[in-house]
Amino acid sequence: SATQIPGFPEQALHILREGTAGRREETLKPDQVPLKHWNYEVLAGPGYVLDVAAHLLQERHETVQICPLAMSGSPILWSHRFRQWLSQQPLAPGTWVIAVGEAEVAIPPEHLPGKGGRASHLAMALARQCLESRDSYDLAVLATDGMDGNSDLGGGFVSREDLEPFTDQYLAQILDSCDTAGFLKNIGRTFPGWASGTNYGDLLLFRMRNIY
């Protein structure tokens, strides 16, 4: 028990008590506990996920390009940076581009969100932006912990053809209401949820089928 460790910070103990009581979802962070009270071993990281994904795709004789931009911050802004980076790459049509990380979905305090999380929100934000071009694409964002936000799903996948029947205003409303997993579930474009027992962030798979 941490309470029996001499010199264990009171602030850290408070966080543990709050978590035990169910009032805090986040766990202790390394900088909240002095180094002498903990140790760690790195078993794998986000790079491992990219290596495995690339290997599996290459086994299926697919061409793969790893994107160096870690998914982070606003899904809309990251999607914009990703598309800029993509436009500068000499990629052949059909190349799978993969990236890893976790975007941040900001929900206003007074807002009652729908069903969704980082994975489905990023998938929808990027897919909506890609509608601005004439390119046909396939994309998927998978939550490696098996659970995407407050949904019971593991992420989602979508193509240009899936979104073309909807107006841009409607898609914007889906993003604003944070109901991206609900939308993808309604059109049959989700991965089932499961408890993977680990979390390497979210994995993006993106393929441009034709490039003009």
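The values are calculated or read from the model by the stated rules, or taken from the named source; none is laboratory data. Everything numeric here is computed off the predicted structure, so don't read it as measured data. All Cβ positions, even for glycine, are placed from backbone atoms using ideal geometry, and neighbour counts span all protein chains on display. Only protein heavy atoms, including side chains, enter the accessible area calculation; ligands, DNA and RNA are left aside. Shrake-Rupley method; radii C 1.70, N 1.55, O 1.52, S 1.80 Å.
Residue count for region 100-135, restricted to those that are under 19 Å from Val64 (Cβ atoms) and surrounded by fewer than 18 Cβ atoms within 10 Å (Cβ to Cβ): 1.
Restricting attention to region 36-75, the residues that are exposed (fewer than 10 other Cβ atoms within 10 Å of the Cβ) and either modelled with pLDDT of 95 or more or within 23 Å of Pro93 (Cβ to Cβ) (or both) add up to 4.
For the condition without any contact (Cβ under 8 Å) to a residue 40 or more places away in the chain and under 28 Å from Tyr48 (Cα atoms), what is the one hit in Arg207, Arg160, Arg189, Arg118? Step through it out loud before you land on a result.
Details: Arg207 fails: without any contact (Cβ under 8 Å) to a residue 40 or more places away in the chain; Arg160 fails: under 28 Å from Tyr48 (Cα atoms); Arg118 fails: without any contact (Cβ under 8 Å) to a residue 40 or more places away in the chain.
Matching residue, one of Arg207, Arg160, Arg189, Arg118: Arg189.
Restricting attention to region 1-35, and to residues there that are outside any helix (DSSP H, G or I) and among the acidic types (Asp, Glu), which single residue is modelled with the lowest pLDDT? Walk me through it before giving the result.
Going residue by residue through region 1-35, those that are outside any helix (DSSP H, G or I) are 1, 5-9, 21-29, 33-34.
Next, only the ones that are among the acidic types (Asp, Glu) stay: 25-26.
On the way: Glu25: 66, Glu26: 69.
Selected residue: Glu25.
Say we look at region 188-199 and pick out the residues that are at pLDDT 90 or above and open to solvent by 40 Å² or more (accessible area, probe 1.4 Å); which of these is farthest from Met124 (Cα to Cα)? Give the steps one after another, and end with the answer.
Step one: filter region 188-199 for residues at pLDDT 90 or above, giving 188-194.
Among the residues that remain, those that are also open to solvent by 40 Å² or more (accessible area, probe 1.4 Å) are: 188-189, 191-192, 194.
Numbers: Gly188: 14, Arg189: 11, Phe191: 14, Pro192: 17, Trp194: 21 Å.
Among them, the one singled out is Trp194.
Of all residue pairs spaced 6 or more apart or on separate chains, those with beta-carbon atoms under 8 Å, a first member in region 67-92 that is under 19 Å from Gly117 (Cα atoms) and a second member that is among the acidic types (Asp, Glu) are Met71/Glu102; Met71/Asp202; Ser72/Glu102; Ser72/Glu104; Gly73/Glu104; Ser74/Glu104; Pro75/Glu104. Within region 136-154, restricting attention to residues that are over 24 Å from Thr95 (Cβ atoms) and not small (Gly, Ala, Ser), the residue that is surrounded by the most Cβ atoms within 10 Å (Cβ to Cβ) is Asp148. Taking the criterion of being among the polar types (S, T, N, Q) and open to solvent by 40 Å² or more (accessible area, probe 1.4 Å), the only residue of region 178-187 that qualifies is Asn186.
Per the listing Phe206, Phe157, Phe166, the residue uniquely open to solvent by 20 Å² or more (accessible area, probe 1.4 Å), at pLDDT 95 or above and in a strand (DSSP E or B) is Phe157.
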